[in-house]
Amino acid sequence: MKKAKISDSSTPASDNPEGISTLQTAEAKNPITGLRILYLGTCPKLTTRGRGDLSYELGIDDVTGDSYVRISANVSSGAFSNEWLALGRIRALLDLKTEQQKTFSAVAMESLFLRRSANNYGYLAAVLKAEGVITVLPGKPVMLSCGDWDQIQQKIQALKDKGVSLTDHIAIAANLKAEKRAQLVENMRTAKTAKAAGKPKETSDSKDEPGEQVPEDLEEENADS
């Protein structure tokens, strides 16, 4: 499977204050695929109002060495995007936010996602909190500050060195969905071609045996009835 790679690097802050728009354009044309999944974890949502746990994955691009994270499942019904996010981009954005102010809210990470969902940034914040990347202010669960990146970086390096490679169930499901969609399109195209040729699709119930003809006397009887 051909892999579209995107570096963790971003454009200079002076040209692109949040270091995001250029990469977002690239990712829209080349979705990140083919990463090696190193870790599958679960975590609670950011606030007690959120029901059910989240599942997330850590992955790595073996060509560039860039590391990634994505939300992979939600026990409850909240929608989210399961796109891969480069940890380097997340760190660059959070570093910028903390330079501007000591604390920030999860909505500050909304621009990291290509697909929009009101849950994306809150779920990502919950994942990053579980990995120690961000911390929650006591008594203010919606106010965040930067934590320590060493924990997640050491985890990824250790799993990479062990050669861990987990099954990408999201990619498998996406491929099956694409195959079903392609088959549906092909069936519709076949039916349209048959209709245009004046040959309606035959079924096993209506199809006559080859060479079978209706008796003339039966035709006459039907015509009189």
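The values are calculated or read from the model by the stated rules, or taken from the named source; none is laboratory data. No experiment lies behind these values; they were computed from the predicted model shown. Heavy atoms of the whole protein, side chains included, go into the accessibility calculation; ligands, DNA and RNA do not. Shrake-Rupley method; radii C 1.70, N 1.55, O 1.52, S 1.80 Å.
Would you list the helices (runs of 4 or more DSSP H) that sit entirely within the range 120-225 and hold 1 or more residues that are modelled with pLDDT of 85 or more, open to solvent by 100 Å² or more (accessible area, probe 1.4 Å) and hydrophobic (A, V, I, L, M, F, W, C)? Talk me through it step by step, then tell me what you get.
Working: elements: 120-130, 150-162, 169-196, 216-224.
Answer list for the range 120-225: 169-196.
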request  = Within the range 52-73, identify whether any single residue is more than 25 Å from T33 (Cα to Cα) and open to solvent by less than 40 Å² (accessible area, probe 1.4 Å), and answer yes or no.
outcome  = yes
Among the residues of the range 91-119, the number that are within 17 Å of the chain's Cα centre (by Cα) and either outside any helix (DSSP H, G or I) or hydrophobic (A, V, I, L, M, F, W, C) (or both) is 9
